[in-house]
Amino acid sequence: GNLEVTLRKDRKTEEYKEIMNLSLNEVDRIINLLNNLNLLASSKFKPLDLFKDAVNIGKIIDEVVRTYTPVLKARNIKFDMKKIMRAICICDEALVRRTIENVIDNAVKYTPEGGSISLEVSEDQQKINITITNTCLAINKEDSEQIFQPFYRGKNVTVRTADGKGLGLYISRYIMRSHGGDIKLNNTYGNLFSLTISLPRK
């Protein structure tokens, strides 16, 4: 609709740039949704095909967190991180990055202004664990039991402005299980939400 209206008459360069930026953002959103739907369809039949290599999980986390720094500052959200500098894993880097992005993006979206997020990385001989905890609105039992279902969005979302289709956590778990790992909801108390990503080292 924006593109059609824009083409009805000549406009200033600045106006064209603004509409192109809006359209590009919308195209990116649609591509992301289509990719998610493709993964959703694949998850019904088989694990993902993985392109594995030695990956530094700590480096991925640093890069993802850096992209959210402006948002965290603007909303006065405190971010604490405890991680191992070289947590090396044999995995599909693009898919693991996508999982970490999904979980951090959820944490940022649902943390109220002035709230806090913590991220901790631990490891043993078999696996690497990434635990992300954020303050949030109170979560009821039904929501906690359904969060990994595709297209499910919690009742509290209706009073929030967070975008989403309810596919992120489902797809993240599919990616982790394709690696032989998992993603699980931890015990939550009061206004806290906590997830742990477990990824086999080899």
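The values are calculated or read from the model by the stated rules, or taken from the named source; none is laboratory data. Quantities reported herein were computed from a predicted structural model and do not represent experimental measurements. Neighbour counts are summed over all protein chains in view; Cβ atoms, including those assigned to glycine, are modelled from backbone coordinates with ideal geometry. Side chains included, ligands, DNA and RNA excluded: accessible areas come from the protein's heavy atoms. Shrake-Rupley method; radii C 1.70, N 1.55, O 1.52, S 1.80 Å.
Using 0.36 nm per residue of separation minus the Cα-Cα distance, give me the extension gain between L34 and K184 in nm, one decimal.
Contour length minus Cα-Cα distance gives 51.5 nm.
Run the quick spin-label model on I84 and N21: label points 7 Å from Cα toward the beta carbon, then report their separation in nm to one decimal.
My value for the distance between the label points is 4.2 nm.
Report the extension gain between D124 and R8 in nm, rounded to one decimal, defined as 0.36 nm multiplied by the number of residues separating them, less their alpha carbon distance.
Working: separation 116, 0.36 × 116 = 41.76 nm, distance 6.19 nm.
Stretched out fully, the D124 to R8 stretch lengthens by 35.6 nm.
Using a 1.4 angstrom probe on heavy atoms only, work out the carbon and sulfur share of the accessible area of segment 49-137 in %.
In segment 49-137, the share of accessible area belonging to carbon and sulfur is 50 percent.
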